[in-house]
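Take a look at the structure below.
The values are calculated or read from the model by the stated rules, or taken from the named source; none is laboratory data. Given the structure is predicted, the values throughout are model-derived calculations rather than measurements. As a convention, Cβ positions derive from the backbone with ideal geometry for all residues, glycine included, and neighbour counts pool all protein chains shown. Remember, those area values only see protein heavy atoms, side chains included, never the ligands or the DNA or RNA. Shrake-Rupley method; radii C 1.70, N 1.55, O 1.52, S 1.80 Å.
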Amino acid sequence: MHGQLYERALDGERCWIRRDDGTLRHLPVYSWLGGTRANGRFDSSFDEAIVSMCAGPTLDLGCGPGRLVTGLVRRGVPALGVDLSRTAIELARGSGAPVLCRDLFAPLSGTGRWHNVLLADGNVGLGGDPWRVLQRAGELLGRGGRCLVEFDPSATGVDAAWVRLESVCSIGPWFRWATVGLDCAARLARDVGLAVTAVHPVGDRVIAALEAV
């Protein structure tokens, strides 16, 4: 979906993301990698918070380089990451994270039995369709399980747009992505048969717990 530029960004190429309205922002690869490939201090408070909320088998959808899966495994929590990027999967496996290179909508082991499903780093907006993503997360959960979703507390509603990755040397293909505000979390959850049962602010980020109703 992201194209080869995403793979190269994970390997260290400086990239940014452009919306179809011209807006630019840096691609936060540094945080996805857990601060391992850049100077400066990595704020691990979000990772520690979401990992600490997980007890029992946990599935990380769109796991990227696998930092959350690695954190879960280190705490003794059974975990699995899923991502389409081969570079991300190689990085995750290099850190000891159990991961699959697969589309999150493809058949996955443990469907209907996971205790926790994670959607961090804006992954609720994958494909520009948070309804579809949340419905899929709900299908993967076992009875009494919950989906831990990062929503954007500074955004309003669902803002779906065409975006692409760019660097000094390259321009990637356009793909759909959505920014999903915390203000619409309850409505989105209700639309797919889930309910928001808790909201956890972590600095300037926020995690909502969604459970089946």
Of all accessible heavy-atom area on the chain, the percent that carbon and sulfur account for (1.4 Å): 50 percent
With springs only between Cα atoms under 10 Å apart, run a GNM on the chain and tell me which of L108, L118, L182 wobbles the most. L108
For the range 82-179, what is the accessible area per residue in Å², given a 1.4 Å probe and the full set of protein chains? 45 Å²
For D20 and Q135, extending 7 Å from Cα along the Cα-Cβ vector and measuring point to point gives, in nm, a value of 2.2 nm
Listed candidates (1) 48, 37, 34; (2) 47, 45, 31; (3) 64, 50, 34 - label of the one calculated as Cα extents along the principal axes in Å: (1)
Please find, in a Gaussian network model of the chain (springs between Cα atoms separated by less than 10 Å), the residue of A160, A97, A79 whose mean-square fluctuation is greatest. A160
